[in-house]
Amino acid sequence: MSYEPISLTHKTLLKDRLRSVSVPISEYSFPNLFLFRNTHHYEVFECDKELFVRGKTYDNKTYIMPTKDMRTCCLDTLHKLQGECDFFFPVHESWLEFFKDHDIEYDFRDGDTDYIYTTEKMSTYKGRKLHKKRNLLKQFNESYKAEAFEMSKDRLGDCKYILEKWLELSGLTKEDTDYFACCEALRLYDELCVCGGIYYIDGEPCGFVIGEELTDDTYVLHFAKALTTYKGIYQYLYNDFANILPKRYEFINFEQDLGKTALRMAKTSYIPDQLEKKYRMSFKKTDTL
């Protein structure tokens with residue numbers, strides 16, 4: 001098998017193919033794979049005329065990812081590939097049922113799990129559990145006059161300014177964040193076919209979001225950066241973006257928390273409607289076809 005490091009040249013090969021998988025798991029997106037290719041050492045390869053991606057998890061395990069509904073993959077091929085990896089990942093929960101008669105092992109990591117919210121919830125912050133979010137949004141709207149614009153090439157410089165200020169305010173290093181991936185998303189905005197919005201307060205850039213359609217009813221938010229010197233800015237960003245999304249998107253995927261406490265607390269505080277587990281699945285050595 002010949003392994004090729006994933007690059008922009010694979011966009012034509014992978015983008016529509018991954019989109020057709022139609023599961024709300026954030027990895028099934030070409031921009032996601034491309035932008036985090038160095039983190040996960042993504043490689044594209046063929047086996048028995050089927051296309052796969054090989055990568056590394058954050059805990060340094062080698063996995064193989066299908067580029068179509070795994071239930072339609074040839075079982076002989078999957079068994080052959082078992083020797084090339086620690087497990088298959090990310091496997092959707094609905095796929096496990098199909099393989100249950102083939103003596104599989106599977107588990108998941110909380111840090112890999114995607115946080116999914118209804119667009120309606122994020123557009124209203126209704127309910128007792130989200131009253132703090134409503135209050136922060138109210139304070140923001142009373143304190144600032146914000147304007148939202150569709151992201152465009154002539155505004156990418158302002159996005160870069162926000163990203164640099166965001167990093168400075170975070171107190172973290174570039175290596176400890178998704179800074180490099182976000183920089184590349186801005187630089188290759190058109191090529192990657194992502195979209196988003198940028199926000200200004202009194203004419204000054206203060207935040208932006210970048211995402212794309214993941215499934216027919218789910219939008220995935222790859223990046224959300226804002227300057228926390230403006231109290232309530234994130235509550236405003238999420239709320240406004242949810243309100244301007246086309247109505248067909250019933251859900252917003254905020255991706256995983258990577259096992260980082262700060263991210264977990266922030267994402268949990270919005271009370272996710274769904275925690276999309278990403279399973280690690282392997283065939284036991286005793287299983288035969």
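Readers should treat all values here as calculations from the given coordinates under stated rules, not as data from a laboratory. Given the structure is predicted, the values throughout are model-derived calculations rather than measurements. A quick note on method: Cβ atoms are made from the backbone with ideal geometry, for glycine too, and the neighbour counts reach across all protein chains shown.
The alpha-carbon atoms of the chain, seen along their principal axes, cover 66, 41, 35 angstrom, with the largest extent given first.
Using every pair of distinct Cα positions in segment 20-131, the Kirkwood expression returns a hydrodynamic radius of 15.9 angstrom. Take the Cα of Asn60, go 7 Å toward its beta carbon, and none of the backbone nitrogen atoms of segment 1-19 fall under 14 Å from that spot.
May I ask you to derive the FRET efficiency for Lys284 and Phe45 from their Cβ-Cβ distance with R0 = 22 Å, giving the value to the nearest 0.05?
Working: r = 24 Å, r/R0 = 1.10.
My answer for the efficiency is 0.35.
In this Cβ point-charge picture (+1 for Lys and Arg, -1 for Asp and Glu), the chain has a dipole of about 860 debye about its Cα centre.
Cross-link reach is defined here as a Cα-Cα straight distance under 19 Å, omitting same-chain residues fewer than 8 places apart; for Lys126 the lysines meeting it are Lys138, Lys247, Lys267.
The local environment of Ala224, defined by Cβ-Cβ distances under 13 Å, has a net charge of -1 under the rule Lys, Arg +1 and Asp, Glu -1. I'd like the FRET efficiency for Asp107 and Glu150, computed as 1/(1 + (r/R0)^6) with the beta carbon distance as r and R0 of 51 Å, rounded to 0.05. Rounded to the nearest 0.05, the efficiency is 0.80.
Just want to confirm a number: the relative contact order over segment 114-255, from Cα pairs under 8 angstrom separated by 6+ residues, in percent.
Numbers: 213 pairs, mean separation 51.2, N = 142.
It comes to 36 percent, rounded to a whole number.
Give me the orientation-averaged projected area of the Cα convex hull of segment 83-197, in nm², one decimal.
Numbers: hull surface 49.6 nm².
Dividing the Cα hull surface by four gives the mean projection, 12.4 nm².
Each of Pro66, Gln235, Ala181 was placed along the dipole of the chain (beta-carbon charges, centred on the mean Cα), and the one lying farthest toward the positive end is Gln235.
Over segment 184-278, the ratio between the Cα radius of gyration and 2.2 N^0.38 Å evaluates to 1.12. A Cβ-based charge dipole, computed about the Cα centre of segment 114-255 with Lys and Arg at +1 and Asp and Glu at -1, lands at about 920 debye. State the Cα centre-to-centre distance between segment 203-246 and segment 54-79 in whole Å. Taking the Cα centre of segment 54-79 as reference, the centre of segment 203-246 is 32 Å away. Were the residues from Glu168 through Ser20 laid out at 0.36 nm apart, the gain over their Cα-Cα distance would be 49.4 nm.
Per residue, the average separation of C-alpha pairs within less than 8 Å and at least 6 apart gives the chain a relative contact order of 27 percent.
The packing ranking, built from the mean of other Cβ atoms within 10 Å per residue, places the peptides 164-175, 76-87, 27-38 in the order 27-38, 76-87, 164-175, highest first.
Its relative contact order, with pairs defined as Cα atoms under 8 Å and 6+ residues apart, puts segment 31-169 at 11 percent. Under the convention that each Lys and Arg Cβ holds +1 and each Asp and Glu Cβ holds -1, the size of the dipole of segment 1-108 around its Cα centre is about 560 debye. Its alpha carbons give segment 114-255 an Rg and a Dmax of 14.7, 42 Å.
Only helices enter this figure: runs of n ≥ 4 DSSP H residues, each worth -39500 (n - 2.57), summed and divided by the residues of the chain, yield -9500 deg cm²/dmol at 222 nm to the nearest 500.
With R₀ set to 30 Å, the beta-carbon distance separating Leu13 from Leu96 gives a calculated FRET efficiency near 0.65.
Using the Cβ of Phe180 as centre and a radius below 13 Å, the other residues enclosed give a net charge of -1, where K and R count +1 and D and E count -1.
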